[in-house]
Structures are given as C-alpha cells and as structure tokens.
Amino acid sequence: MPKKNSWRAFRLRCDSIDRKSERWLLLTFYALIILTVAIEVIRRFVLNYSSVWGEELARYSFIYLAWIAAAAAVRDRAHIRIDVLVNLGGPGMRRLAWWISDIATLVLAIWALWLSMSPVLTSLHFGSVTPGLRLSQALFLAAIPIGFLLIASRVLQSMLADIRRMRRGEPPFDGHKLFD
C-alpha cells in the first residue's frame, strides 16, 4: 500500500503545482494587460505620446490569457454548455455525455493543434518579427498551438479523473457552474 499512497501524494502534488502555475500565469498576463493599458493611456492623454509596442504587448498578453483561461475552463468543466437533457438522466447518462463531449473536444483540440503549427513553422522559417516589439512573430503565433495543447492535456486529465471516479462508484464530475 505505501507505493499506492506515495503515487497518490505525488499526483496531488503535481496537480497543486499545475493549478498554482496556471493561476500565476493568468494573473501575470492579466496584470500585464492592465499595466500596459494604464501606462499607454497616461502616455497618450497626459504626455501626448504613445509607444508602438504598448498595444501589441497588451494584445498578445490577452491572446495568451484567453488560451490559458480556456484550458482552465476545460479542466474545471466550467465552459459554456447546455446540459438540460443530460441533467434529466441519471449518473450513467451524465457519464456518457461527458465521455462524448471529452472525446469530441480532444479530437478538435488535436486537429486544431495540427493546423495551428503551420503558421508558427512558417514564421520561424522566414524569421518574421512583430512591428512594434521586434520579437519573433512565432512567439505570439505559438499561443494557439500551446492553447490547444493545454486544452488536450486538460481533457485527458478530466478523462482519467472520470475513470478513477467510475472505479470508486462515484458520479461524474459535473464541473463548476458560474450561474445556477
């Protein structure tokens, strides 16, 4: 039994690190957006001068923020859904609905990951840079494949958690609801 308990402790520790790093990334990108926009407003309306890089930095931070938040929503099953019919059925119906949803999301994420790699590789090949920041465009184009990779990993984590719940005889995790 000690090996099983140590594996569970390791898994819980990794999950804690995973959640904390995700939250810190979300906080960092959000703070970067707020700080950049605030500085640009002051520069534009008080100093009558604006930078070339401010709008770009806020835009690309928002893109990364959105993709990381999408993966967090998939992990918590807090994404937008209509589950009226699923709630009419019992735990077996809900489990089946979650499996269909998870498989469809995983297929979509892998397909989109595959498709989104082409612009990143093209940007790396030709060495394109952003006009304001003068950084590689691939760094910002990579937000999409990174986002879909995170979403795919979250779906797999969710499926594994559902398998563990099913083995323990527990109902499936229905996610966190924003509104009731």
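Readers should treat all values here as calculations from the given coordinates under stated rules, not as data from a laboratory. Note that the structure is predicted; figures quoted are calculated from it, not measured. Glycine also receives a Cβ, built like all others from the backbone with ideal geometry; neighbour counts cover every protein chain displayed.
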Estimated distance in nm for a label pair at Y49 and D76, the labels positioned 7 Å out from Cα along Cα-to-Cβ: 4.2 nm
Extension gain from R13 to W114, taking 0.36 nm per residue of separation minus the Cα-Cα distance: 33.3 nm
Degrees between helix 143-167 axis and first principal axis of the chain (Cα, 0 to 90, nearest 10): 20 degrees
Most to least packed among 57-67, 142-152 [average Cβ atoms within 10 Å]: 142-152, 57-67
Coil-residue trypsin sites (Lys or Arg not before Pro) of segment 80-173, DSSP, other Cβ within 10 Å capped at 16: R81, R134, R168
Folded to 0 to 90 degrees: helix 53-76 orientation relative to the chain principal axis, Cα: 0 degrees
Whether segment 2-167 is rounded, prolate or oblate, judged on the alpha carbon gyration tensor where a/c under 1.5 counts as rounded: prolate
Relative contact order, percent, segment 35-144 [alpha-carbon distance under 8 Å, six or more residues apart]: 24 percent
The chain, dipole about Cα centre (Lys/Arg Cβ +1, Asp/Glu Cβ -1), debye to the nearest 20: 820 debye
Expected 222 nm ellipticity per residue - DSSP helices of 4 or more, -39500 (n - 2.57), all of the chain, to 500: -27000 deg cm²/dmol
